[in-house]
Amino acid sequence: MQKTNYYEAIKEQIINNEITKGVKDYSKNKSDLITCYNVGKLLSEAGKCYGERIVKEYSFKLTNELGKKYNETNLKRMRQFYWKVVKGATVWHQLSWSHYRLLITLETIEEINYYSKVAVDNLYSVRKLEDKIKSNEYKRIPEESKLKLITNNRINIKDLVPNPILIRNKNNIEIVTEKILQKLILEDIELFMKELGNSFSFIGSEYKIKIGTNFNYIDLLLFNYEYNCFVVVELKVTELKKEHIGQIQVYMNYIDENLRKFNQDKTIGIIICKQDNKYVIKYCSDDRIIAREYELV
């Protein structure tokens, strides 16, 4: 039985990929990923026959013949990519090899599949994906929500809002009142809305409403155009209390009766607090209300 010439097989994969990329621009990502997988597989098999030193040997020869991008580090990444796919990582041809170089560094297959799915759904650039990974979004999303996202089950706004919510505090301002917390959020409202999830737009801060003869002010009023509903956000620098639930519920009902159109869904309420109280939410009868802690970064 003829022994496989792993080096020539790897070289052939790489050359064919370069030709494909030059001719068919639309299939570059797919060709890159297939090539990286096949090269990774061959390297894995070669390693079993000749030991770990073979990667360094092949990288030296490939670098001389085909260029610096086939150095030892990149060959090891291709092998790692192959191992991760074998273990269950999903390959999306909408993503580039640059995306997957980030993804394969993650600890678990579940984490890889989460971020790759989110990146495809939201057309993330490599830089945007890197920001999401650095923010530890995966660890801040409830387990049930992760499963829904990965398996394409129906999700809602509650599934997408992470806990804690990260709020930028560049100048290390001491948060002693809701007004100060609100000021930090408004300094970069776009970033804050992206932190909440997708498809949020800003309506106003200190949004004035009249209940009976009294004026009240909603900390932040947003609209989510994907879920077609208003979102009331209330800020608290204390532990979540039962009276906070009553307050935001009044505001939500007001928006439903006075702003909501007949074709829009009911208003969602988000309470952002210093410390969550699981028991308060547990006994809250309105499942449109969610509580999340904040963390200053």
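The values are calculated or read from the model by the stated rules, or taken from the named source; none is laboratory data. Predicted model, so just to flag it, every value in this text is computed and none were measured. Every residue, glycine among them, receives a Cβ derived from its backbone with ideal geometry; neighbour counts consider all protein chains shown. For the accessible areas, the whole protein counts, side chains as well, though only heavy atoms, and no ligand, DNA or RNA atoms are used. Shrake-Rupley method; radii C 1.70, N 1.55, O 1.52, S 1.80 Å.
In nm, to one decimal, how far is the K68 label point from the E12 one, both placed 7 Å along Cα→Cβ?
Taking the two extended label points, one gets 3.0 nm.
Does anything in the range 51-72 have its amide N under 11 Å from the 7 Å Cα→Cβ label point of R101, and if so which residues?
Only 69-71 fall inside the zone, counting backbone N under 11 Å.
Calculate the FRET efficiency for E243 and T108 from the Cβ-Cβ distance with a Förster distance of 35 Å, rounded to the nearest 0.05.
Details: r = 40 Å, r/R0 = 1.15.
Working from the Cβ atoms, E equals 0.30.
Probe radius 1.4 Å, ligands and nucleic acids ignored: give me the carbon and sulfur share of the accessible area of the chain as a rounded percent.
Values: 8140 of 16530 Å².
Solvent-exposed carbon and sulfur of the chain make up 49 percent of the total.
For the chain, what proportion of DSSP beta bridges, expressed in % and rounded to the nearest 5, is antiparallel?
Details: 15 of 29 bridges.
Among the beta bridges of the chain, antiparallel pairing accounts for roughly 50 percent.
What order, most packed first, do the peptides 28-34, 67-73 have when packing is the mean number of other Cβ atoms within 10 Å of each residue? Please report the intermediate quantities before stating the final value.
Values: 28-34: 18.0, 67-73: 13.1.
Put in order of decreasing packing, that is 28-34, 67-73.
Calculate the spin-label point distance for I189 paired with V120, positioning each point 7 Å from the Cα along the beta-carbon direction, and give it in nanometres.
Between V120 and I189, the simple spin-label model gives 3.5 nm.
Using a basic spin-label model with each label point 7 Å from the Cα along Cα→Cβ, how many nm lie between S285 and N263?
Label-label distance for S285 and N263, simple model: 3.3 nm.
Once fully extended, how much extra length lies between I150 and E130, figured as 0.36 nm per residue of separation less the alpha-carbon to alpha-carbon distance?
Numbers: separation 20, 0.36 × 20 = 7.20 nm, distance 1.89 nm.
The I150-E130 span can extend by a further 5.3 nm.
Can you give me the Cα centroid spacing of the range 28-98 and the range 102-145 in angstrom?
22 Å
So what are the ³J(HN,Hα) numbers for the range 112-119, from phi and the Karplus equation (6.51, -1.76, 1.60; θ = phi - 60°), rounded to whole Hz, Gly and Pro as x?
For the range 112-119, the Karplus-derived couplings read 4, 5, 5, 5, 5, 5, 4, 5 Hz, x marking Gly and Pro.
Taking only C-alpha pairs under 8 Å that are 6+ residues apart, what is the relative contact order of the range 1-124 in percent?
Working: 114 pairs, mean separation 29.2, N = 124.
Reported as a whole number, the value is 24 percent.
Less than 10 Å Cβ to Cβ from Q94, Lys/Arg counted +1 and Asp/Glu -1: what total charge do the surrounding residues give? Intermediate results must be reported in sequence, preceding the final value.
Details: positive: K30; negative: D121.
Surrounding charge for Q94 is 0.
How much accessible area per residue does the chain have, in Å², with a 1.4 Å probe?
Working: 16530 Å² over 297 residues.
The answer is 56 Å² per residue.
Taking amide H positions as placed 1.01 Å from N in the peptide plane, with prolines and chain starts having none, which residues 5 or more places from N71, or on another chain, fall under 5 Å of its amide H?
It is none; the list stays empty.
Could you list which residues have their amide H under 5 Å from that of I165, counting only those 5 or more apart in sequence or on another chain, with H placed in the peptide plane?
Placed amide hydrogens put E293, Y294, E295 under 5 Å from I165.
Can you compute the helix-only [θ] at 222 nm over the chain? Use -39500 (n - 2.57) per DSSP H run of at least 4 residues, normalise by all residues, nearest 500 deg cm²/dmol.
On the way: 14 runs with 155 residues, N = 297.
Rounded to the nearest 500, it is -16000 deg cm²/dmol.
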